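Below is one structure, written out as structure tokens, with a few remarks after it.
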Amino acid sequence: MKDTTRHQGKRRQLVQTIVSKGIKDTKVLAAIGKIPRHLFMDSSFEDHAYQDKAFPIAADQTISQPYTVAFQTELLDISKGQAVLEIGTGSGYQTAVLCELGAKVYSIERQQELFKKTKLFLSKLGYRPKYLSFGDGYKGLPEYAPFDRIIVTAGAPFVPKPLLAQLAIGGRLVIPVGEGVQIMTLYVRKDATTFEKKEFGDFRFVPLLEDKN
Ligand code: SAH
């Protein structure tokens, strides 16, 4: 697991690319600049790891495009120590970004293969999420709720009600909603029953899949 000066140089260029696309949050940019993305991918893609593109990982899934990771994380607006729930652990790259921001990270993955592999990999890299769960993200994690922030990293055909219910007052949910193409959507919980909704343009994700059972 090597991180060479060549990797670091490419990573600085990637940060510049993301800045040129409009990302401003310096903490988010610092995390992207620090995390060795090439280690989160199959070694056959290593040369492409610092392109601003999504790539295949195991179990027919993808590691999200860095710009998308940065965009969603900027929208979350995380402060250190906040409880953050991620739906779709996947490669663990977004999980690592959340850890770098000092969040208490909870993450759910429904594919056993990815869940096991990523759990081991993140600990090898020194990341310590609070809890990695093998399960169905549509249900959230009621036993650990409420969450200050919730991020969904797969395309949701609709907004799962349990996720809104598990959001703290003042909390933010960032979720790409739609089939085929998704609209990045932010929900801010104003009080027990009121959610403010804002939309932020089109993205493409692999689908958030319903429980296999
Ligand atoms: N955050 C990841 C993105 C991975 S792609 C990364 O940076 O690599 C989306 C992930 O969501 C996939 O790993 C997929 O298996 C997972 N997923 C899909 N439906 C899910 C569900 N209902 N619950 C939890 N995870 C789900």
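Taken together, the values in this text are just the output of simple stated rules run on the coordinates, not laboratory data. As the structure is a prediction and not an experimental result, all values here were calculated from the model. Please note: Cβ atoms are built from the backbone with ideal geometry, for glycine as well, and neighbour counts cover all protein chains shown.
General remarks:
- Simple spin-label estimate for Arg204 and Lys161 in nanometres, 7 Å along Cα-Cβ: 3.3 nm
- Under 14 Å from the Cα of Lys10 - aspartates and glutamates, other chains or at least 8 residues apart: Glu46, Asp47, Asp52
- Projecting label points 7 angstrom from Cα along Cα→Cβ for Thr26 and Arg128 puts them 2.7 nm apart.
- Close amide-amide hydrogen proximity is noted between Ile63 and Phe55, Ile57, each under 5 Å apart and 5 or more residues distant or on a separate chain (H modeled in the peptide plane; Pro and chain starts excluded).
- Label point 7 Å beyond Cα of Asp3 along Cβ direction - residues of the range 54-88 with amide nitrogen under 13 Å: none
- Between Ala58 and Asp77, the simple spin-label model (points 7 angstrom out along Cα→Cβ) gives 3.8 nm.
- Calculated over the range 5-203: convex hull of Cα atoms, volume per residue (Å³): 111 Å³
- Within a Gaussian network of the chain (alpha carbon springs, distance under 10 Å), most fluctuating of Thr26, Thr118, Thr89: Thr26
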